Amino acid sequence: MEPKPDAPNPDESIGPDQKKWESEAGQELGKLAVPSLGWVFLKIGATAFGGLGAGLAIIERELVDRRQVLTAADVTEALTYTKLLPGSTVVQVVSYLGYKLGGWPGSAIATVAFVLPSAAMMILLAAGYIAATVVPNLGPAINGLTAAVIGLLLATTYRLGKSNIQNPLTGAIAVCAFLAAILFGINAAFIVIAAGLIGILFLSPSSGSTEKARRAER
């Protein structure tokens, strides 16, 4: 009785170059060396003029578009979670993403590196406050900077909405959240909690399956 030939190994059809590429991609995805992480967030902190909107725009450009170690969904997730916390949202987003990319050391390094440029600049501005107030062109410069920041906020909002608002319900949640904040001044934490509960009730896979089953019974 002749022995049966061994079953072909599917890995044999993959070349060594492709294996090496897949291995490197698996190691790089979602991870960044701590020194590189500190350098990236130091640059972000030094250029993120304008607060949350500008910071998110630069974070997305550096870590999602350029280095591709995060996705737009990761940034949205960080923003959603940290909105429930008191304090500076952009610093909390940086701490969260630093943890996602490098664990607790990455979170600490990213936070310190991000805050360091603004802290140093605040010290310099405080030391030169009296001299700065007499500069005649300072007011128009601040007005121009504020207008640019509003534009960055709108651009960031558009990018986040484009990747996350994918059906009429999520669009309605976004509009209601906007109106609740603008017209009624409801705290952002309550808006986020309410939106999360609505998502659990109407956007989870189990609720979708239940709705399909009800329609099939009819």
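Could you tell me which numbered condition Thr76 fails, if it satisfies all but one of (1) closer than 30 Å to Ala194 by Cβ; (2) surrounded by 19 or more Cβ atoms within 10 Å (Cβ to Cβ)? The failed condition is (2). For Leu63, the stated conditions do not hold, so it cannot be described as modelled with pLDDT of 90 or more, farther than 15 Å from Arg159 by Cβ and in a helix (DSSP H, G or I). If you check Val112, Val90, which single one turns out to be surrounded by 12 or more Cβ atoms within 10 Å (Cβ to Cβ), β-branched (Val, Ile, Thr) and touching a Gly at 6+ places or on another chain (Cβ under 6 Å)? The match here is Val90. When Lys83, Lys162 are checked against the criterion of being out of contact with any Lys or Arg (no Cβ under 8 Å at 6 or more places or on another chain), loosely packed, with under 13 Cβ neighbours inside 10 Å, among the charged types (D, E, K, R) and at pLDDT below 85, Lys162 stands alone in meeting it. Surrounded by 14 or more Cβ atoms within 10 Å (Cβ to Cβ) and either on the phi > 0 side of the Ramachandran plot or at pLDDT 90 or above (or both): which single residue out of Ala155, Ala180 fits that description? Ala180 is the lone residue from the list that is surrounded by 14 or more Cβ atoms within 10 Å (Cβ to Cβ) and either on the phi > 0 side of the Ramachandran plot or at pLDDT 90 or above (or both). For region 69-88, the count of residues that are part of a helix (DSSP H, G or I) and farther than 28 Å from Asn187 by Cα is zero.
The values are calculated or read from the model by the stated rules, or taken from the named source; none is laboratory data. Model, not experiment: these values are computed from the prediction. Cβ: placed from backbone, ideal geometry, glycine included. Neighbour counts: every protein chain shown.
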